1. Suppose we filter segment 36-69 for residues that are at pLDDT 80 or above, assigned to a loop (DSSP other than H, G, I, E, B) and acidic (D, E); how many remain?
2. Go through I267, I311, I271, I245 for me and flag whichever is modelled with pLDDT of 75 or more and open to solvent by 70 Å² or more (accessible area, probe 1.4 Å).
3. Considering segment 131-145 alone, what residues qualify as being in contact (Cβ under 8 Å) with a residue 40 or more places away in the chain, hydroxyl-bearing (S, T, Y) and out of contact with any Phe, Trp or Tyr (no Cβ under 7 Å at 6 or more places or on another chain)?
4. If you check L111, L146, L130, L138, which single one turns out to be part of a helix (DSSP H, G or I), farther than 25 Å from F379 by Cα and either of a type outside the set (S, T, Y) or open to solvent by less than 90 Å² (accessible area, probe 1.4 Å) (or both)?
5. Might you let me know whether segment 481-504 holds any residue that is modelled with pLDDT of 80 or more, open to solvent by less than 30 Å² (accessible area, probe 1.4 Å) and part of a helix (DSSP H, G or I)?
6. Looking at segment 404-435, which of its residues are hydrophobic (A, V, I, L, M, F, W, C), in contact with a strand residue (DSSP E or B) (Cβ under 8 Å, 6 or more places away or on another chain), farther than 17 Å from S484 by Cα and surrounded by 15 or more Cβ atoms within 10 Å (Cβ to Cβ)?
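The values are calculated or read from the model by the stated rules, or taken from the named source; none is laboratory data. Bear in mind that the values here come from a model prediction, so they are computed numbers and not experimental data. Cβ placement follows ideal geometry from the backbone for every residue including glycine, while neighbour counts extend to all protein chains displayed. For the accessible areas, the whole protein counts, side chains as well, though only heavy atoms, and no ligand, DNA or RNA atoms are used. Shrake-Rupley method; radii C 1.70, N 1.55, O 1.52, S 1.80 Å.
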Amino acid sequence: MRKVKGEKEGKKEKDKEGEKDKEGEKDKAKVKLSFIIGARKLSHGRIESLLEDSIKKCDNQPFLMEVTCDGKDGNHTLPLIQLLTKASLIKKSLHNTSLSCLEPIPAPHLLKVAEKKRAGKALKAVFHTLRWWMLPLLLTSLSWTLLLAPEYVPTAPIVFHWREDVADRSTSKIMRALPPVPALLHEAFSLGSLFEQLKMNPSNKEALLCEASSLVGRSCDDPLSLEDLYLMQDHLQDLALRRGIVTRVTGFFTFVNMCWLGSILGIAVSIGPSIYHVLKPLRKLMERLLRWFVRDVLVPFVIRMHNWGVIEFAVWLVVCGLMVDAESLFAMETGRFIAMTSLALSIPCFSYSTFIWTRQLDPPKNAKTLPRLIFIWMFLTSSPCAIVFDSELLASVAVITFYAALGFSVCFFGMGVAVGFDGKGSMSRVSFTSALLLLSHLVIRESFKFGILGDGDVDNLRIFEGPVATMGSLTMYLTLLIMSSRFYYYKNKYRDSEQVRRRHYVRRNLIMGVALLLGMLCGAVTGSNGTYNTAITFLVLFAGEKYAEFHIESKFNGWLLVLMASSILYYMAFWLHDNPEFLVSLFKI
């Protein structure tokens, strides 16, 4: 009997433990979610007034809140949580937390509407993407129209509507205000020849003076006088000795232009934070003085303009208007900075469009996609502007953004700067593109030398000569220098045998050696000191890299390597100070 009782008690204890385990599993299966909807740091009075307005205007209609998730295939959106509620229920639950805010009566029509919205998510994503890029691409199209078909661009003022006169873009207002002097040496030679012809044949004075005016950037409607020609020799002598009014005024305006450029950058960086900080106290002041106006007129109006896209259209219209006015109303020198202002302001405008239209888009699977798209847009927008406004700065921006889209990057951290690439695929892509650019530029320049191409064919490319020479040579040789290192990691490096790794290493170093030899050969044959000296510079770096590998693998003292590298750098800095023309040639092809 005792055994039977003991067995029954043991079974009862086991049954109780099993029931407890089942209850524990049920408790574990329960999931509690807590989240806040529409938290904007509003006061309770403001929340109650908004709920009351919703009750009156919408007749206290039920609405559905839905939390969604992606399906297993990643192509469909599924409902995770569906909450049916009313504004009146939410208002009651605020006063009494024990009351539920859920609507007990089902609303199947709202479920059907929610299902339709989920089904149309792909089409909505396409629409939002196209709408997001519509206005930025409008600015890009405008810049290309200014380059390829400027006659289709309106000349009427858009932003600078008080300027009714269209500026003569052939000459600068500054140069028209100064004594006339030629800008180039061959123009000075031609003016001397015309002056001698004028002495020998005074009867043809008007035609000769008109031709002389064109050499100094003036039209025949405002020709030079004989006195201007007589005084021109003195002005040229003052320019050669860096004295006189022309040198002083142009030097001062160089300083003014630098200040202007700094102000453009300052405006582009500070306009957003400034508007936020200025409007914050003003908003409180206006709310105290005209509470009804702010709440019932101003705030709803701004919200509607924002929701309807009117503010977005307005800011992009200002940006495009600045670009049009820069080309049609101002001289080249002034219009260049107006165009830079337009491009600088397009960055916060693009950020605003991104804020509006990407909130309902899923983030891209590749984090590099969006930055590359932005850099491509910046390149396509700035490159035609560089040609239209003859700006080396915009040409540099175009080339840098082009390489950034390919994967070349510069990162600033603390007191250091890291220059490199965002992946191994980017290195191959950048090196191949740089080689093509340098080769194409070399072919075009040699074709121009032999008369195959005329001045008009290469005028638009000259503005990119310096940036292409600098970025093309730097990125190509830097990529090959990194890949030629023994410590360069490639895919499956440590899975390969020692023989395969050695074969890869020899192949990469042969490519680097061939590239350096071709650079020195092309530079020597074509007379391009920049190409030759750049190859020599990276040849020295390549030799230093190979010695560093030998030093480390031989397990020599590390301090000796630091001493040798520092000594070489010391000598190179000393030599560059004695031969600055070598450094200058690196920035030219």
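1. Final tally of qualifying residues: 0.
2. On the way: I311 fails: open to solvent by 70 Å² or more (accessible area, probe 1.4 Å); I271 fails: open to solvent by 70 Å² or more (accessible area, probe 1.4 Å); I245 fails: modelled with pLDDT of 75 or more.
Only one candidate passes the filter, namely I267.
3. Hit for segment 131-145 is S143, nothing else.
4. Working: L146 fails: farther than 25 Å from F379 by Cα; L130 fails: farther than 25 Å from F379 by Cα; L138 fails: farther than 25 Å from F379 by Cα.
Step by step, each of L111, L146, L130, L138 is checked, and only L111 is part of a helix (DSSP H, G or I), farther than 25 Å from F379 by Cα and either of a type outside the set (S, T, Y) or open to solvent by less than 90 Å² (accessible area, probe 1.4 Å) (or both).
5. yes
6. Across segment 404-435, the qualifying residue is only F408.
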